[in-house]
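The values are calculated or read from the model by the stated rules, or taken from the named source; none is laboratory data. It should be emphasised that the depicted structure is a prediction, and the values quoted were computed from it without experimental measurement. All Cβ positions, even for glycine, are placed from backbone atoms using ideal geometry, and neighbour counts span all protein chains on display. Ligands, DNA and RNA are stripped out before the accessible areas are found, and what is left, the full protein with its side chains, is counted by its heavy atoms. Shrake-Rupley method; radii C 1.70, N 1.55, O 1.52, S 1.80 Å.
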Amino acid sequence: MLIDPAAPPDKPETAQMKVIHKALRREFRLLPVLVSQVAGHDTKRAGELARHATLVLGMLHEHHESEDTLVWPLLRQRVPLEKPLVETMEAQHHVVAELIAALQEDLPAWSRGADTQTRDRLADCLRRLRVALEEHLDLEERAVLPLVHEHLTVPEWLAPQHAALANGPAGLTAKLLLAGVVLEDATEREQAWFLHSMPPPARVLWRLFGKRVYAARTAAVRRAVAA
């Protein structure tokens, strides 16, 4: 199923990538604010945010890993004149990966102790991640997705999506929460596309209780947001 029914079925529909990007932009816009608001020694709140940050950082990591493995090598091969652009994409991924690693190193200790020094370091790192990610996603949407549309086949386009899903979290609740992350700001057509891409049992589980689980988690995670 395509988001745009008029889109050519024999070409990658790169609007699908923008749905994922939209979700990532929202999450990494909110997280620096939320983390910075946590009071010292509030381990319950720190643990709540650390779990959510770990989930969306994993989503971002798998998204980029699948591109590194399955997209950039194809573009290097098929559009050699765009090698500098591909190298820029890889360099930006490296910057983002280093920030993810730094966050993943600090989050467990912060969730246990909620000290203000670690909180401030995490908030600063999240702000830097947001800036780096916005720069990367803007360039990817503007310059890379048109190349993907012209030079990759539909199966090659779908392969990174399948890889990211296969390497994502194993638990059912985590999978449903990530589905909610993507669906939250999606348009009706984008939601229909994403739900169609899910296995039928997962669609049933989303409708039966996934929506409620995501709504409850989102309300809890965002309850202190002030910006």
- Message: D68 - would you say it is open to solvent by 40 Å² or more (accessible area, probe 1.4 Å), part of a helix (DSSP H, G or I) and in contact (Cβ under 8 Å) with a residue 12 or more places away in the chain?
- Response: yes
- Message: Which numbered condition in (1) farther than 19 Å from H61 by Cβ; (2) open to solvent by 70 Å² or more (accessible area, probe 1.4 Å) is the only one that W193 fails?
- Response: (2)
- Note on the structure: Quick count over the stretch 151-186, residues being free of Cβ contacts under 8 Å to residues at least 12 places away in the same chain and over 17 Å from the mean Cα position of the chain (by Cα), is 2
- Message: Quick check on the stretch 41-48. Is at least one of its residues in contact (Cβ under 8 Å) with a residue 40 or more places away in the chain, part of a loop (DSSP other than H, G, I, E, B) and either open to solvent by less than 20 Å² (accessible area, probe 1.4 Å) or not β-branched (V, I, T) (or both)?
- Response: yes
- Query: Picking from A132, A215, which residue would you name as being open to solvent by less than 30 Å² (accessible area, probe 1.4 Å) and within 24 Å of F28 (Cβ to Cβ)?
  - Reply: A132
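Residue-by-condition table, conditions (1) open to solvent by 10 Å² or more (accessible area, probe 1.4 Å); (2) farther than 12 Å from L126 by Cβ; (3) part of a loop (DSSP other than H, G, I, E, B):
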{"position": "P12", "(1), (2), (3)": "no, yes, yes"}
{"position": "H21", "(1), (2), (3)": "no, yes, no"}
{"position": "L24", "(1), (2), (3)": "no, yes, no"}
{"position": "Q77", "(1), (2), (3)": "yes, yes, no"}
- Message: Suppose the filter is within 30 Å of D42 (Cα to Cα), open to solvent by 20 Å² or more (accessible area, probe 1.4 Å) and either of a type in the set (F, W, Y) or more than 16 Å from the chain's Cα centre (by Cα) (or both); does P108 pass it?
- Response: yes
